[in-house]
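First up is the structure itself, then whatever we jot down about it.
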Amino acid sequence: NIMKVFKAFIAVAIGAATLISCKPMSQQKTSHNEAFANIMTRKSVRTYANKPIEKEKVDTLLRAAMAAPTAVNKQPWAFVVIDDAAILDTLAAHLPYAKMTGEAPLAVVVCGDLTKTIRGNDDPYWALDCSAATENLLLAAESMGLGAVWTGVYPEEERMEAVSQILGLPEYILPFNVIPIGYPAYQEKPKDKFKAENIHYNKW
């Protein structure tokens with residue numbers, strides 16, 4: 001009887017191992033780590049359902065963005081939350097790669113605040129800090145079942161000027177990007193971007 005139980009256990013173990021080996025690598029490595037799984041399932045979502053985003057989720061997105069690392073902890077960022085349909089439509093009309101903004105229930109414009117930078121107007125780090133904040137926001141959106149996409153504004157002067165005028169930004173606030181956000185209209189699949197040839201150890 002003991003041998004029968006042992007053989008049955010081995011058979012189940014082998015079956016489970018076979019199933020695991022058949023899964024995509026991303027699924028094999030992420031099942032035990034929610035943070036890593038969230039990173040690997042993030043995707044750019046450009047189509048949205050006709051459904052508003054709850055206020056508490058918007059607050060969570062902004063908290064996540066402001067938890068990002070920042071040079072010397074200067075936090076040289078500002079965020080403009082837009083849920084006015086007319087403004088969303090205007091942004092969509094003036095930004096060539098952000099047409100989906102007109103279909104989204106909400107957008108967040110990540111901005112750099114030059115009054116909080118290390119070196120004033122000539123500081124290059126604010127864009128790096130805003131990039132980190134943006135990625136945090138995108139990951140938070142994914143974790144809550146929301147869809148979002150990073151549409152670039154900086155460093156294109158024409159786009160920056162358009163966003164600044166539409167939103168009435170002061171001169172010391174530089175628009176970095178526009179992030180349309182909404183509940184996805186359909187399920188999109190993440191892209192596997194891992195490439196071993198991009199990795200080097202110790203030297204090139």
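Does Gln75 meet the test of being at pLDDT 95 or above, over 23 Å from Tyr186 (Cβ atoms) and either in contact with a Gly (Cβ under 7 Å, 6 or more places away or on another chain) or open to solvent by less than 80 Å² (accessible area, probe 1.4 Å) (or both)?
Taking the combined requirement at face value, the residue satisfies it.
Condition first: of a type in the set (Phe, Trp, Tyr) and in contact with a strand residue (DSSP E or B) (Cβ under 7 Å, 6 or more places away or on another chain). Now tell me which residues in segment 174-198 satisfy that. Working first, answer last.
First, pick out the residues of segment 174-198 that are of a type in the set (Phe, Trp, Tyr): 176, 183, 186, 194.
If the condition is that a residue be of a type in the set (Phe, Trp, Tyr) and in contact with a strand residue (DSSP E or B) (Cβ under 7 Å, 6 or more places away or on another chain), then Phe176, Tyr183 are the ones that fit.
Table: residues versus (1) open to solvent by 20 Å² or more (accessible area, probe 1.4 Å); (2) touching a residue at least 24 places away in the same chain (Cβ under 8 Å); (3) not in a loop (DSSP other than H, G, I, E, B).
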| site | (1), (2), (3) |
| --- | --- |
| Thr134 | no, yes, yes |
| Ala140 | no, yes, yes |
| Ser164 | yes, no, yes |
| Tyr186 | yes, yes, no |
| Lys193 | yes, no, no |
| Glu197 | yes, no, yes |
| Lys203 | yes, no, no |
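Met160 versus (1) open to solvent by less than 60 Å² (accessible area, probe 1.4 Å); (2) over 28 Å from Tyr125 (Cα atoms); (3) over 15 Å from the mean Cα position of the chain (by Cα): which is the lone unmet condition?
Here Met160 clears every test but (2).
Please verify whether Ile173 is loosely packed, with under 10 Cβ neighbours inside 10 Å, out of contact with any Pro (no Cβ under 9 Å at 6 or more places or on another chain) and among the β-branched types (Val, Ile, Thr), treating the condition exactly as stated.
Judged against the criteria, Ile173 is not a match.
With (1) of a type in the set (Gly, Ala, Ser); (2) more than 27 Å from Ala49 (Cα to Cα); (3) exposed (fewer than 15 other Cβ atoms within 10 Å of the Cβ) as the list, and Gly145 as the residue in question, which single condition is left unmet?
Answer for Gly145: the failing condition is (2).
Would you mention how many residues in segment 25-35 are assigned to a helix (DSSP H, G or I), open to solvent by 60 Å² or more (accessible area, probe 1.4 Å) and either among the small types (Gly, Ala, Ser) or modelled with pLDDT of 95 or more (or both)?
Initial filter on segment 25-35 (assigned to a helix (DSSP H, G or I)): 25-30, 34-35.
Subsequent filtering for residues that are open to solvent by 60 Å² or more (accessible area, probe 1.4 Å) retains 25, 27-29, 34-35.
Then drop every residue that is not either among the small types (Gly, Ala, Ser) or modelled with pLDDT of 95 or more (or both), which leaves 35.
Qualifying residue count for the region: 1.
If Val110 passes every condition in (1) open to solvent by 60 Å² or more (accessible area, probe 1.4 Å); (2) hydrophobic (A, V, I, L, M, F, W, C); (3) in contact with a Cys (Cβ under 6 Å, 6 or more places away or on another chain) but one, which one does it miss?
Failing condition for Val110: (1).
From the residues in segment 58-72 that are of a type in the set (Gly, Ala, Ser) and either buried (at least 19 other Cβ atoms within 10 Å of the Cβ) or within 13 Å of the chain's Cα centre (by Cα) (or both), which one is farthest from Thr115 (Cα to Cα)? Please lay out each step first, then the result.
Within segment 58-72, the subset of a type in the set (Gly, Ala, Ser) is 64-65, 67-68, 71.
Of the ones still in play, those that are also either buried (at least 19 other Cβ atoms within 10 Å of the Cβ) or within 13 Å of the chain's Cα centre (by Cα) (or both) are 64-65, 68.
Numbers: Ala64: 22, Ala65: 19, Ala68: 19 Å.
Top of the filtered list is Ala64.
Among the residues of segment 107-157, write down those that are charged (D, E, K, R) and within 10 Å of the chain's Cα centre (by Cα).
Glu135, Glu142
The values are calculated or read from the model by the stated rules, or taken from the named source; none is laboratory data. Since the model is a prediction, treat every value here as computed from it, not as a measurement. Cβ coordinates were reconstructed from backbone atoms using ideal geometry, including for glycine residues, and neighbour counts include every protein chain displayed. For the accessible areas, the whole protein counts, side chains as well, though only heavy atoms, and no ligand, DNA or RNA atoms are used. Shrake-Rupley method; radii C 1.70, N 1.55, O 1.52, S 1.80 Å.
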